[in-house]
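Following: one structure in structure tokens, then a few remarks.
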Amino acid sequence: MTAMATRIPLIAGNWKMFKTAAEAADAARSLDDLIRDVSGVDVMIAPPFTALSQVCAVLEGSRIAAGAQNVHWESEGAFTGEIAPGMLKDAGCRYVIIGHSERRQLFGETDQQVNRKIQAALAAGLTAVMCIGETEAEREGGQTFSVLDKQIRLGLEGVSFQTPGDVVIAYEPVWAIGTGKTATREQAQEVHAFIRDLLSRLYDEELADKLRILYGGSVKPNNIAELIRMPDIDGALVGGASLDPETFAQIVRLGD
Ligand code: PEP
């Protein structure tokens with residue numbers, strides 16, 4: 001790899017199916033107050049759809065960006081229960097999480113669907129946070145790299161970037177999500193370096209060097225500092241520990 005790009009860390013919170021609109025707005029307000037003095041880190045929170053408008057109103061003028069947890073690939077139509085990319089933009093979102101392992105495992109989302117969602121998100125001007133990761137059985141079976149290779153190749157098939165910031169990749173080993181088991185920083189770094197190398201082969205070195213790769217899986221205030229020190233770890237996608245503003249603020253401070 002040539003001269004290393006300076007990648008601004010991104011700390012992203014996935015609130016999953018938690019918080020009413022009022023609770024989410026309160027949490028967003030508290031977080032905004034708690035991290036007002038923090039600089040040099042980008043921050044995103046992804047509340048449930050029903051809270052997006054209120055959270056975006058609270059975050060207006062704040063440095064915290066809002067994201068959604070899912071999106072459909074069509075721009076409108078008879079797709080009961082789905083939300084279009086333009087609707088997320090309209091609600092005030094900048095990011096959308098795509099292909100989270102819970103969607104893949106519990107709702108049968110495929111790499112092809114992830115691909116369509118990414119293309120639609122980019123076309124609408126959203127930043128796609130593309131989640132990938134191996135299961136415990138796949139890791140134990142020595143398939144980690146082949147699984148990730150496939151998820152990335154299929155997920156990004158035909159995706160052309162306007163800027164390296166169009167997509168953020170979140171490496172989330174499925175065995176580390178919500179389990180309290182974190183990948184060691186060496187395990188995570190090994191995978192992140194593999195992903196960056198693959199991106200440089202699929203696209204080019206400049207894009208690979210600039211694109212942010214987050215780690216996700218039981219990130220807490222007490223492990224973020226050691227993870228973020230690794231050369232290819234550019235931030236974190238945080239589930240459980242993002243629900244409490246004080247705890248999440250400590251992660252945004254990178255554990256200091
Ligand atoms: C997630 O859901 O993306 C996640 C990483 O969850 P947790 O931090 O709770 O493991």
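The values are calculated or read from the model by the stated rules, or taken from the named source; none is laboratory data. This one's a predicted model, so the numbers in the text were calculated from it and none came from an experiment. Methodologically, a virtual Cβ is constructed for each residue, glycine included, from the backbone with ideal geometry; neighbour enumeration extends over all protein chains shown. With ligands, DNA and RNA removed, areas are computed over all heavy atoms of the protein, side chains included. Shrake-Rupley method; radii C 1.70, N 1.55, O 1.52, S 1.80 Å.
Of note:
- Candidates S218, S160, S200, filtered to the one that is closer than 30 Å to G92 by Cα and more than 18 Å from the chain's Cα centre (by Cα): S160
- Looking only at segment 163-182, and only at residues there that are of a type in the set (A, V, I, L, M) and either assigned to a helix (DSSP H, G or I) or within 13 Å of I213 (Cβ to Cβ) (or both), the one that is farthest from the ligand (Cβ to nearest atom): V167
- Single unsatisfied condition, F248 versus (1) more than 30 Å from G158 (Cα to Cα); (2) within 9 Å of the ligand (Cβ to nearest atom); (3) aromatic (F, W, Y): (2)
- Test: residue in segment 43-54 that is in a loop (DSSP other than H, G, I, E, B) and open to solvent by 10 Å² or more (accessible area, probe 1.4 Å): yes
- Remark: pairs (first residue in segment 240-256, within 14 Å of A24 (Cα to Cα); second residue of a type in the set (F, W, Y) and buried (at least 17 other Cβ atoms within 10 Å of the Cβ); Cβ separation under 6 Å; 6+ apart in sequence or on different chains) = S242/F248.
- Tally, over segment 199-245, of residues that are closer than 18 Å to E186 by Cβ, buried (at least 16 other Cβ atoms within 10 Å of the Cβ) and more than 16 Å from the ligand (Cβ to nearest atom): 2
- Scanning segment 56-109 for residues that are surrounded by 19 or more Cβ atoms within 10 Å (Cβ to Cβ), of a type in the set (S, T, Y) and either more than 16 Å from the ligand (Cβ to nearest atom) or closer than 20 Å to D32 by Cβ (or both) yields one hit, Y95.
- Among the candidates R196, R185, the residue that is of a type outside the set (G, A, S), open to solvent by less than 50 Å² (accessible area, probe 1.4 Å) and touching a helix residue (DSSP H, G or I) at 6+ places or on another chain (Cβ under 6 Å) is uniquely R196.
- Selected residue (criterion: most open to solvent (accessible area, probe 1.4 Å)) from residues of segment 126-147 that are under 25 Å from A183 (Cα atoms) and either of a type in the set (K, R) or in contact with a Leu (Cβ under 8 Å, 6 or more places away or on another chain) (or both): R139
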